[in-house]
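Visitor: Could you have a look at this structure, given as structure tokens, before my questions?
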Amino acid sequence: MISKDPNITRMLKEYRERILSLEGQAAELSDRVAAYEQAEMLRKVSEDDIIQRSAEDRASKHSDEDIESYKARLREAFRIEAEANAEKKYEAERRKLEAEKRELEEEKREVADEKSSLKLEARGLQLKTDAVNAAVKRLAADKTRFDEQKSELIKGVEAKYAKILEERDLMFRRRVEEVRNSLNAQMMEAEVSVLESFKRLVASVGGPAEEQERAIAELKSTISEMTAKSVSGLVESAKKLQESSRSKDRHISYCLRKLFGSTSEKLHDDEVLSLVDSVLEGNGLEVSDKLLKEYKSAKEVVVRVKSLMELERLTKESERPKDTGEDDPESECRMVDAAYLRSLPQHGASVVLYPREYLKDPSRYVEIKKQSGRDAHYELVLTPEKHEAMRYELPVFVEKGNPDAVPIQAKVEDYRPYPKSFASPELVGKMEVERFADCDPIYTQEKRYERNGLSISRQLMDKLHARTCDLLEPLFDLHYYDVIKGEYLLGDGSPVRVVNTETHKCDKHYMAHVVCLDKNAALFNVGSRVDMDGNILSHGRASEDLELLCKDMTNAKAFEKDGYSGWSKWLKKNGITECACNAHARREFEESKAEDPLPSRIGLGFYTLLNMVEQYIKAEGLTGKRKKDIRMGQEKPIWTAFVSWASAEYDQHPKGSAISGALGYLLKRRKELMAYLKIPMMPIDNNACERGFKPLVKGRKTSLFFQNLMGAWRASMMYSFFETCAMNHLNPQQWLTYVLNNIKTTPADRLPNLLPQNFDKSLLKLV
């Protein structure tokens, strides 16, 4: 348990490194001693040489002097000098060694103290482990209690459902009784009419033959009319009762699915896959041996891929740190890594936390660690917004030697985006991101800035937003054509409400969303483009709003969309391959699961097999021809079996039922749903495009409508830029701040470099 703790492992590593350092210091001392001995030997050799030379020189000058006594005097002088030098060096080395010895002793004491601290931490870790085990037991008890409550809730809902069914049956019987009474009344009316005709027939007996025949014909006509009327009324009532019953069943199943169904549409159920196998191997479905063989081969590969992915998932879960539970007071609620916290600037001076025992009697205790070696606990502190003013000085110059020259001075508007306002690109960038990326309406921004001591009205925010869009319009034009001229596109749309300035009522418009896969960029567009006078053209009808947008798709090779037919007209006209979204087709089976569970689960089983292959392709990072080969080899046989089953199943269900609608949706669009198999760039569904609508939908809930069409167009600009930033993992606020600071000084030929899909992330370090 101790060796697995990262903090203890790190401390042990530090101890090993410190011991190695001490051993290195000892080796260094040994090397220094050896070098000193060698230097001493060299000194003695050089000393003897000097003495011999001096004696020979002395003998040449003074022949009568004893050479040996001269040598002895020289040796004595050298000895005295060497002893003095050696004594000095010895004293210096002794002091140095004593200092190093003291440092080593101090290091040893610190290591011993840290070892004792490590033991204390290990004890604390054991206590935490015991607390975790206790928390796990509490969680198990809580889970048992939750299961009991859930069971009770389900029983209550089932009882309510049974009551609803009983009430529905009672209502059905009441309606049947009403129909029966109505038929009885009609039959009585018919009986009266028949009696009157019969009376006239009897009265005519004995009269002319023409009158008798006419009376008989009238009687037959009355009987046939009354019968037909009664039968048609009965059939119509039965249809209404059947439709009402189906509607209530769908509503009840929808409510139950919302209450107890899974929030995810993913299906991981081996029983469902076995249902698919049973469909192909029996159940009266006629499939060829070749198709069955291809399907089984693809199924084996899919099941093997599923096993490998499940093994990878379990491995990652085992490596993930265990959750100690929210109710555990000893649990560590870690938001960020401790190393990251240590790298942050320190917030004020360090706060020292003393034990309560120490505070009661400090004289009883002594600190065993120096201040630099103290244990530390880090917390993440959020400082309030800081408002600062940037000062720009404007020096005035005049030409030298020309007293009549006009003074020159820099123009703020040549450099800054908001020269007549106090707003900076940093402030405006924050406002725009909060409004269009975080879906924070301007009235809440106004209140928040006011709480922080900054008064910014929403009218001023709107003016700054309009100025920002004017600055970014040339960049947005480049972005528009960069996306719309892509080869592989995803498309979706959503209605928006815009105030009509003439009628002062809201008109319905269409906000289109296009994702370019080969450029990794997104585009939002409302209405048509701007005309020569700068007015935005919009018809209010989605099909016409898409006209110019689709006409600009001159390079598109494939386009994936949902079931909306407004795109299809222009895609066929431009010769673009149309791909349909399989997530929408799968959703039809998901919604019909409560009404017709067996065929719905079979359809979901086919989609589970297809999604497993797509997950494998994504996990392996396959692209190009390799991706196409996997799809054609593994997914196409599944699709062939899927369509064969759907064709045979479609005729077995009444029209108007949920499963009939799901099967019809699949069969009607099977060509478009399977088109992605041959196009490696296209995904199996359109979810990437639909997820991009989340900010728009959230903003629509808070703002409800746009004040005018120009406001909607400006909003589409910001949605486009921020969604593209998200796709390229860019911080939108940092990107917008940089662009606003540099767009006025950037040449036109370098403007494409400012687009989020082309942006150099290293430039954000300068912001």
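Visitor: On the basis of being assigned by TED's automatic domain parsing to the domain that holds Lys519, surrounded by fewer than 22 Cβ atoms within 10 Å (Cβ to Cβ) and modelled with pLDDT of 90 or more, does Met727 make the cut?
Guide: Against the criterion (assigned by TED's automatic domain parsing to the domain that holds Lys519, surrounded by fewer than 22 Cβ atoms within 10 Å (Cβ to Cβ) and modelled with pLDDT of 90 or more), Met727 qualifies.
Visitor: Tell me, please, whether a residue that is modelled with pLDDT of 70 or more, within 21 Å of Glu578 (Cβ to Cβ) and in the same structural domain as Ser716 (by TED's automatic domain parsing) can be found in the range 536-547.
Guide: Within the range 536-547, one or more residues are modelled with pLDDT of 70 or more, within 21 Å of Glu578 (Cβ to Cβ) and in the same structural domain as Ser716 (by TED's automatic domain parsing).
Visitor: Between a residue in the range 734-747 that is of a type in the set (Lys, Arg) and any residue that is part of a helix (DSSP H, G or I), which pairs come within a Cβ distance under 8 Å, given they are 6 or more apart or on different chains?
Guide: Lys744/Asp414; Lys744/Leu471
Visitor: Tell me, please, whether a residue that is in the same structural domain as Trp645 (by TED's automatic domain parsing), more than 28 Å from Val514 (Cβ to Cβ) and touching a Ser or Thr at 6+ places or on another chain (Cβ under 8 Å) can be found in the range 613-629.
Guide: Within the range 613-629 (the criterion being in the same structural domain as Trp645 (by TED's automatic domain parsing), more than 28 Å from Val514 (Cβ to Cβ) and touching a Ser or Thr at 6+ places or on another chain (Cβ under 8 Å)), the answer is no, since none of the residues qualifies.
Visitor: Name every residue in the range 613-668 that is in contact (Cβ under 8 Å) with a residue 12 or more places away in the chain, outside any helix (DSSP H, G or I) and buried (at least 16 other Cβ atoms within 10 Å of the Cβ), in order of residue number.
Guide: His653, Ser657
Visitor: Here is a further query. Need at least 1 residues that are among the small types (Gly, Ala, Ser) per element, so show me which helices (runs of 4 or more DSSP H) inside the range 422-500 make the cut, counting only ones lying wholly within it.
Guide: 425-436, 458-484
Visitor: Quick check, is Glu28 modelled with pLDDT of 65 or more, out of contact with any Leu (no Cβ under 8 Å at 6 or more places or on another chain), part of a helix (DSSP H, G or I) and farther than 14 Å from Val111 by Cα? Walk me through how you get there before you give the answer.
Guide: Values: modelled with pLDDT of 65 or more: yes; out of contact with any Leu (no Cβ under 8 Å at 6 or more places or on another chain): yes; part of a helix (DSSP H, G or I): yes; farther than 14 Å from Val111 by Cα: yes.
Taking the combined requirement at face value, the residue satisfies it.
Visitor: Look at Glu121 and say whether it is modelled with pLDDT under 75 and surrounded by 12 or more Cβ atoms within 10 Å (Cβ to Cβ).
Guide: yes
Visitor: So, in the range 551-566, of the ones that are modelled with pLDDT under 80 and not charged (D, E, K, R), which residue ends up nearest to Arg586 (Cα to Cα)?
Guide: Once the filter is applied, the top-ranked residue is Gly563.
Visitor: For Cys506, only one of the following conditions fails: (1) free of Cβ contacts under 8 Å to residues at least 60 places away in the same chain; (2) out of contact with any helix residue (DSSP H, G or I) (no Cβ under 8 Å at 6 or more places or on another chain). What is its number?
Guide: (1)
Visitor: Same structure, new question: Which condition number in (1) under 29 Å from the mean Cα position of the chain (by Cα); (2) surrounded by fewer than 15 Cβ atoms within 10 Å (Cβ to Cβ); (3) at pLDDT 90 or above is the one that Pro495 fails?
Guide: (3)
Visitor: Separate question: For residues that are surrounded by 21 or more Cβ atoms within 10 Å (Cβ to Cβ) and farther than 25 Å from Asn728 by Cβ, tally how many sit in the range 689-708.
Guide: Total meeting the criteria: 1.
Visitor: Same structure, new question: Check Arg102, Arg53 and return the single one that is at pLDDT below 65 and charged (D, E, K, R). Please lay out each step first, then the result.
Guide: Numbers: Arg102 fails: at pLDDT below 65.
Sole residue among the options that is at pLDDT below 65 and charged (D, E, K, R): Arg53.
Visitor: Considering only the range 400-439, state which residues are within 30 Å of Phe524 (Cβ to Cβ) and among the β-branched types (Val, Ile, Thr).
Guide: Val428, Val433
Visitor: Does the range 510-520 contain at least one residue that is modelled with pLDDT of 85 or more, outside the structural domain of Ile679 (by TED's automatic domain parsing) and aromatic (Phe, Trp, Tyr)?
Guide: No, there is no match, as no residue in the range 510-520 is modelled with pLDDT of 85 or more, outside the structural domain of Ile679 (by TED's automatic domain parsing) and aromatic (Phe, Trp, Tyr).
Visitor: Also, quick follow-up: Please determine, by comparing only the residues of the range 669-688 that are among the basic types (Lys, Arg) and touching a residue at least 12 places away in the same chain (Cβ under 8 Å), which one is surrounded by the fewest Cβ atoms within 10 Å (Cβ to Cβ).
Guide: Once the filter is applied, the top-ranked residue is Lys678.
Visitor: A further question on this structure: Just to be sure I understand the filter: pairs with C-beta atoms under 7 Å, separated by 6 or more residues or on different chains, first member in the range 375-398 and without any contact (Cβ under 8 Å) to a residue 24 or more places away in the chain, second member assigned to a strand (DSSP E or B). Which pairs pass?
Guide: Hits for this filter: Leu394/Gln409; Val396/Gln409; Phe397/Ile408.
Visitor: Against the definition (modelled with pLDDT under 80 and outside any helix (DSSP H, G or I)), how does Glu595 come out, yes or no?
Guide: Yes.
Visitor: Scanning for something surrounded by fewer than 18 Cβ atoms within 10 Å (Cβ to Cβ) and under 25 Å from Phe693 (Cβ atoms), does the range 737-758 turn up at least one residue?
Guide: Initially, the range 737-758 is screened for residues surrounded by fewer than 18 Cβ atoms within 10 Å (Cβ to Cβ), giving 742-753, 758.
Now narrow it down to the ones that are under 25 Å from Phe693 (Cβ atoms): 758.
Looking for residues that are surrounded by fewer than 18 Cβ atoms within 10 Å (Cβ to Cβ) and under 25 Å from Phe693 (Cβ atoms), one finds at least one in the range 737-758, hence yes.
The values are calculated or read from the model by the stated rules, or taken from the named source; none is laboratory data. None of the values given here were measured: they were computed from a predicted structure. Cβ atoms come from the backbone with ideal geometry, glycine included; neighbour counts cover every protein chain shown.
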